[in-house]
Amino acid sequence: MKFCYHVSTIILLQHGVQQAQSFLVAPSLQNHQVSISTSKRHHCGSSNTNNNNNGLLYGWVQDANGEWEWEEDDPNFVPEPIIEQAVGGDGTAVAVTTTATATPSLPSGSFRPKQSLGQNFLRDGNTVAKIIRYFISDASRTIIENDSLEQIRAVELGPGAGALTNTLVSTLSDLGATSFQCIEIDPRSIELLGEKHPDLRVNHMDVLQVDYPDMAEEEGGPLSIIGNLPYYITSQILFALADASHFNAVRSATVTMQYEVGQRIVAKSSTKDYGILSVVFQLYADCELHFKIPPTVFYPQPKVNSALIGLHFIGPRKLRERLSGVQPNELRRVLTATFQQRRKTVRNSLKKFLLNEVCGGDKEKVNQILDSDPLPLTQATIEARERGDKFALSQELPSDWVRKRPEQLSPGQFVELTRLVFHGDTDAHQSNQVDHGEMALGRKVWRKMKHGK
């Protein structure tokens, strides 16, 4: 299969932060029909008022109303420019070929670029072609791993004027995929997409309010997400997908984001980029940084690089196995307590948390936990290690865990630390006999309470 198309992309710079939207004009896609559904619009900005002076994304901060925010949600957050050379990549895992041609002019009329939005254009069609190839590769790989129906149910977040949309319509049709819809808040985009593709479902809503479990149930199985994410709400979109994976509602996500944030998602322990994003998404998914998107492909050029990240969610069954009886909400609380004070040892960063939130002010019980040896691994973890499972092989908590700094613990070791904190008084033999196969993971753990259902 070969798809020829034209491409241009805008970058929406809101509050000094970059938001990528792709535009594509495919002359061969003129005869598709569209239905548009609407829902209440919501503002998707952040109310975070607590800034980290050096701009590092270490964890949650709390605003004046007691709402937990992620630092990169701050609308005033401006990352340092990245000056490394661009790194390419190829997505040859699936035999889908796309061919880019010259960049055309944008649609005239109501969708003319707005200077007030700081819109910039992508001038390299090959970048868009690579994004689509990687999306098909990510979605196809996760079909094999956790979906017996072998269908791609595609959802595009923020299609803009349809750069990815136009090609996805024909590409997915050729692959036999019958489920494709978009989430868009800009009424100009909805009107434009309606004219181009009258049969395409475009949901008029804030991406932060999407109910992925309900959407997956309507579509008959887990969803595959593609999109260019706004930088200032990237983490909140990703955390909504993580929560959705509790219900096997989302199986893959192929999304663009600030390169710095992408580096944090794939960072190894004991590195400066390693943090909460690393722990959460390496627990929930197999993560890949597909390629860097350099400023030179945009006009005018932004000051930072972007990246395409692929997340292959492991699904609720395997997630429960990795969690070994730990509730995701318990893990979140431990991650918050430790990474908020990442320069301290685990012992020092946990003391106040244990005293106030776990032990009810009992200092003796706090010392008991901090002086504890690691718990024996569960039988499920032992069996996974015997199979050579990489996550399980790095899950054993070191004997000197209290002297470690949080960035020195692997995602699996954070699971074991959480198990020790919340379940250390459970008999080890009893813990090994418990079947966690039906353990409720929670509908809202990582995303904010005000977002979605």
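The values are calculated or read from the model by the stated rules, or taken from the named source; none is laboratory data. Just so we're clear, the structure is a prediction, and the values are computed from it rather than from any experiment. Counting neighbours? That spans all protein chains shown, and the Cβs are built from the backbone with ideal geometry, glycine included. The protein model used for the area step is the full one, side chains on, heavy atoms only, and it has no ligands, DNA or RNA in it. Shrake-Rupley method; radii C 1.70, N 1.55, O 1.52, S 1.80 Å.
Observations, loosely collected:
- Leading residue by the ranking (nearest to K448 (Cα to Cα)) among those in the range 191-211 that are open to solvent by 30 Å² or more (accessible area, probe 1.4 Å) and part of a helix (DSSP H, G or I): Q209
- From R320, R405, R343, R332, residue being open to solvent by 20 Å² or more (accessible area, probe 1.4 Å), within 27 Å of R447 (Cα to Cα) and either at pLDDT below 95 or touching a Lys or Arg at 6+ places or on another chain (Cβ under 6 Å) (or both): R343
- Selection status of V155, within 19 Å of the chain's Cα centre (by Cα), among the aliphatic types (A, V, I, L, M) and within 19 Å of L308 (Cα to Cα): yes
- Taken over the range 176-206, the residue count meeting the criterion of being closer than 23 Å to E218 by Cα, of a type outside the set (G, A, S) and touching a residue at least 60 places away in the same chain (Cβ under 8 Å) is 13.
- Number of residues in the range 369-394 that are among the basic types (K, R) and outside any loop (DSSP other than H, G, I, E, B) equals 2.
- Any hit, the range 212-228, residues being more than 22 Å from A440 (Cα to Cα), in contact with a helix residue (DSSP H, G or I) (Cβ under 8 Å, 6 or more places away or on another chain) and outside any strand (DSSP E or B): no
- Out of G162, G125, G176, one residue alone is surrounded by fewer than 20 Cβ atoms within 10 Å (Cβ to Cβ) and either more than 25 Å from C287 (Cβ to Cβ) or modelled with pLDDT of 90 or more (or both). It is G176.
- Qualifying residue in the range 212-229 (condition: of a type in the set (S, T, N, Q) and within 21 Å of R332 (Cα to Cα)): no
- Any hit, the range 131-149, residues being open to solvent by 10 Å² or more (accessible area, probe 1.4 Å) and over 21 Å from the mean Cα position of the chain (by Cα): yes
- Considering E330, E364, E357, the condition of being more than 30 Å from the chain's Cα centre (by Cα) and either part of a helix (DSSP H, G or I) or of a type in the set (K, R) (or both) is satisfied by E364 alone.
- Residue match in the range 269-292 (condition: modelled with pLDDT of 95 or more, open to solvent by less than 10 Å² (accessible area, probe 1.4 Å) and of a type in the set (S, T, N, Q)): yes
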